[in-house]
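Q: One structure, pasted below without further comment.
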Amino acid sequence: MDKNLIITNATLVTPVGRSARRGPEMGCLKTTGHATIVVSDGIITYAGPSEDYTVSDDTAYTRIDAADRVVLPGFVDSHTHLIFGGYRPDEFGWRLNGESYMSIMQRGGGIQSTVNATRSASAEELVEKAQWFIDRMSEMGVTTVEAKSGYGLDTPSELKMLNAIETLATKPGQKLNIVATFLGAHAVPKEYKGRTEEYVDLMIGEMLPAVKGKAEFFDIFTEKNVFEIEDSRRLLKAAKEAGFKLKLHADEIVTLGGAELAAEMGAVSADHLLHVSDDGIQRMAKEGVVATLLPLTAFSLREPYAPARKFIEAGAAVALATDLNPGSCFSGSIPLTIALACIYMGMTIEETITALTLNGAAAVDKSHEIGSIEPGKKGDLVILEFSNYRMLPYYVGMNCVNTTIHEGNIVYSHK
């Protein structure tokens with residue numbers, strides 16, 4: 001595919017840097033009117049005022065006239081459960097009628113329901129289904145996505161999921177980058193009910209060695225009556241020793257100390273954080289752990305939103321992601337994520353853009369190569385339909401993307 005591209009007449013809007021923006025820095029975007037962006041062999045080689053760009057031989061370049069539209073970095077959806085079998089619409093109805101997420105899980109629904117469907121699905125079925133979601137993500141401007149395993153909960157099924165992720169990631173002409181995460185510690189499977197420590201032993205002794213090289217990150221659902229602090233610490237230490245980078249589902253349902261554990265273990269990110277303690281916020285800020293907040297999940301579960309402002313005021317880095325999954329949040333909507341962050345979480349649109357680009361990149365340890373429009377980074381770009389980026393939350397829950405560009409290739413265009 002052609003990876004050479006010149007965009008002219010752009011309103012360039014981007015955070016700047018090769019690491020997460022923290023605290024007040026999140027609100028600082030660089031805006032350049034009448035800008036030119038050049039991508040050569042998939043890498044940005046120029047991004048700035050058109051008058052400062054000297055045209056050389058550009059016959060090998062595809063040209064786009066942005067017509068004064070906003071050009072942003074490609075969005076990074078840094079927390080998804082993209083690979084799964086089956087659906088759970090009945091459970092959504094139960095929750096609407098007042099049942100809690102944890103009560104459904106405790107009576108055999110929830111994650112275990114999807115585990116059953118995923119174990120039964122073929123790798124080809126998982127790939128085909130996930131590709132459909134990837135195509136929708138691309139239409140909303142996503143150019144990098146994190147994809148977790150975690151609906152297998154035994155070694156063969158977890159490997160099947162990670163192999164499906166690898167198949168998608170290496171597919172010729174794929175529309176986005178995919179970062180793989182091993183989430184074998186998503187729940188205790190039914191065959192180990194009441195024997196959590198034995199399942200932990202299985203993960204350490206069998207699963208971690210089996211999936212090494214298949215995933216970059218290790219994630220765990222640190223939660224009361226799932227994997228509590230001591231089991232989580234033991235697993236995280238083993239994963240770190242095996243060479244995995246760390247993530248945590250932390251303090252989603254109750255205040256358990258997951259944020260504090262993420263800081264202690266040097267995790268790249270801690271996610272959800274609806275019930276994070278003030279001490280956990282301070283510790284994450286001090287240790288540079290990215291707070292990945294998932295407003296679509298809070299919305300779907302009718303739970304209080306994570307305290308974005310507290311994190312920002314503490315000097316932490318906040319990322320936003322969709323948490324696409326078949327249970328607690330069956331949505332991958334970037335537009336609704338933006339609207340909820342601005343309307344209900346008190347984030348400015350500038351902070352929100354940073355959270356979905358550079359800080360999302362930092363949450364998957366890729367901020368040195370994606371997440372901003374700067375020379376040396378990958379040519380992952382989004383052209384909006386509008387000339388003002390403030391249209392993103394204002395056009396509530398609606399897609400503002402005109403064109404998505406991945407490594408210099410046009411992968412989506414709204415004609």
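Q: Among the residues of the stretch 1-38, how many are of a type outside the set (S, T, Y) and closer than 18 Å to R69 by Cα?
A: Here the count works out to 15.
Q: Under 9 Å between Cβ atoms, at least 6 apart or on separate chains: pull out the pairs that start in the stretch 21-38 with a residue that is in contact (Cβ under 8 Å) with a residue 40 or more places away in the chain and at positive phi and end on any residue that is open to solvent by less than 50 Å² (accessible area, probe 1.4 Å) and among the aliphatic types (A, V, I, L, M).
A: Cβ pairs passing all conditions: G23/A285; G23/I312; G23/A314; G23/A316; G23/A317.
Q: To continue, here is another question. Tell me the residue from T155, T143, T181 that is free of Cβ contacts under 8 Å to residues at least 60 places away in the same chain and either open to solvent by less than 60 Å² (accessible area, probe 1.4 Å) or aliphatic (A, V, I, L, M) (or both), please. Walk me through it before giving the result.
A: Numbers: T143 fails: free of Cβ contacts under 8 Å to residues at least 60 places away in the same chain; T181 fails: free of Cβ contacts under 8 Å to residues at least 60 places away in the same chain.
After applying the criteria, what remains is T155.
Q: Any idea which of I165, I64 is touching a strand residue (DSSP E or B) at 6+ places or on another chain (Cβ under 7 Å), β-branched (V, I, T) and not in a strand (DSSP E or B)?
A: I165
Q: Assuming Y61 fulfils every condition listed in (1) surrounded by 14 or more Cβ atoms within 10 Å (Cβ to Cβ); (2) touching a helix residue (DSSP H, G or I) at 6+ places or on another chain (Cβ under 9 Å) apart from one, which condition is it?
A: Of (1) surrounded by 14 or more Cβ atoms within 10 Å (Cβ to Cβ); (2) touching a helix residue (DSSP H, G or I) at 6+ places or on another chain (Cβ under 9 Å), only one is false for Y61: (2).
Q: Continuing with this model, one more query. Taking the criterion of being modelled with pLDDT of 95 or more and acidic (D, E), would at least one residue in the stretch 34-49 satisfy it?
A: yes
Q: Going by the structure shown, is S387 of a type in the set (S, T, Y), touching a residue at least 40 places away in the same chain (Cβ under 8 Å) and out of contact with any helix residue (DSSP H, G or I) (no Cβ under 8 Å at 6 or more places or on another chain)? Can you show your working first?
A: On the way: of a type in the set (S, T, Y): yes; touching a residue at least 40 places away in the same chain (Cβ under 8 Å): yes; out of contact with any helix residue (DSSP H, G or I) (no Cβ under 8 Å at 6 or more places or on another chain): yes.
Yes; evaluated as a whole, the condition is true for this residue.
Q: Moving on to the next point. Being in contact with a strand residue (DSSP E or B) (Cβ under 9 Å, 6 or more places away or on another chain), open to solvent by 10 Å² or more (accessible area, probe 1.4 Å), more than 24 Å from E252 (Cα to Cα) and modelled with pLDDT of 95 or more: is that true of Q131 here?
A: No.
Q: Something else now. Could you check, for the stretch 82-100, whether at least one of its residues is buried (at least 21 other Cβ atoms within 10 Å of the Cβ), in contact with a strand residue (DSSP E or B) (Cβ under 7 Å, 6 or more places away or on another chain), part of a strand (DSSP E or B) and in contact (Cβ under 8 Å) with a residue 12 or more places away in the chain?
A: For the stretch 82-100, residues buried (at least 21 other Cβ atoms within 10 Å of the Cβ), in contact with a strand residue (DSSP E or B) (Cβ under 7 Å, 6 or more places away or on another chain), part of a strand (DSSP E or B) and in contact (Cβ under 8 Å) with a residue 12 or more places away in the chain: absent.
One line per residue, one yes/no per condition, for (1) within 21 Å of K30 (Cα to Cα); (2) among the aromatic types (F, W, Y); (3) under 19 Å from the mean Cα position of the chain (by Cα); (4) surrounded by fewer than 16 Cβ atoms within 10 Å (Cβ to Cβ):
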| site | (1), (2), (3), (4) |
| --- | --- |
| H368 | yes, no, yes, yes |
| G376 | yes, no, no, yes |
| I383 | yes, no, no, no |
| M391 | yes, no, no, yes |
| Y394 | yes, yes, no, yes |
| T403 | yes, no, no, no |
| N409 | no, no, no, no |
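Q: Can I ask one more? Within 18 Å of T297 (Cα to Cα), of a type outside the set (V, I, T) and either surrounded by fewer than 24 Cβ atoms within 10 Å (Cβ to Cβ) or touching a residue at least 40 places away in the same chain (Cβ under 8 Å) (or both): which single residue out of F244, F227, F221, F217 fits that description?
A: Of the residues listed, the single one that is within 18 Å of T297 (Cα to Cα), of a type outside the set (V, I, T) and either surrounded by fewer than 24 Cβ atoms within 10 Å (Cβ to Cβ) or touching a residue at least 40 places away in the same chain (Cβ under 8 Å) (or both) is F221.
Q: Taking the stretch 174-195 only, how many residues are in contact with a strand residue (DSSP E or B) (Cβ under 7 Å, 6 or more places away or on another chain) and within 22 Å of A239 (Cβ to Cβ)? Can you show your working first?
A: Just the residues of the stretch 174-195 that are in contact with a strand residue (DSSP E or B) (Cβ under 7 Å, 6 or more places away or on another chain), to begin with: 175-183, 185-187.
Of the ones still in play, those that are also within 22 Å of A239 (Cβ to Cβ) are 178-183, 185-187.
Count: 9.
Q: May I pose another question? Among the residues of the stretch 292-305, which ones are at negative phi and open to solvent by 10 Å² or more (accessible area, probe 1.4 Å)?
A: Of everything in the stretch 292-305, those that are at negative phi and open to solvent by 10 Å² or more (accessible area, probe 1.4 Å) turn out to be F299, S300, L301, E303, P304, Y305.
Q: Just checking, does the stretch 333-347 include any residue being open to solvent by 30 Å² or more (accessible area, probe 1.4 Å), modelled with pLDDT of 95 or more and in a loop (DSSP other than H, G, I, E, B)?
A: yes
Q: Related question: Every residue in the stretch 15-58 that is open to solvent by less than 40 Å² (accessible area, probe 1.4 Å) and under 30 Å from R283 (Cβ atoms), please.
A: Result: P15, G17, A20, G23, M26, G27, L29.
Q: Within the stretch 264-279, track down each residue that is surrounded by fewer than 18 Cβ atoms within 10 Å (Cβ to Cβ) and within 15 Å of A316 (Cα to Cα).
A: G266, S277, D278, D279
Q: A follow-up question, please. Within the stretch 101-117, how many residues turn out to be part of a helix (DSSP H, G or I) and either more than 21 Å from P189 (Cβ to Cβ) or open to solvent by less than 20 Å² (accessible area, probe 1.4 Å) (or both)?
A: 4
The values are calculated or read from the model by the stated rules, or taken from the named source; none is laboratory data. Predicted, not measured: the structure shown is a model, and the values here were computed from it. When we count neighbours, we look across all protein chains shown, and the Cβ atoms used for this are built from the backbone with ideal geometry, even at glycine. These accessible areas exclude ligands, DNA and RNA; they are computed on the full protein's heavy atoms, side chains included. Shrake-Rupley method; radii C 1.70, N 1.55, O 1.52, S 1.80 Å.
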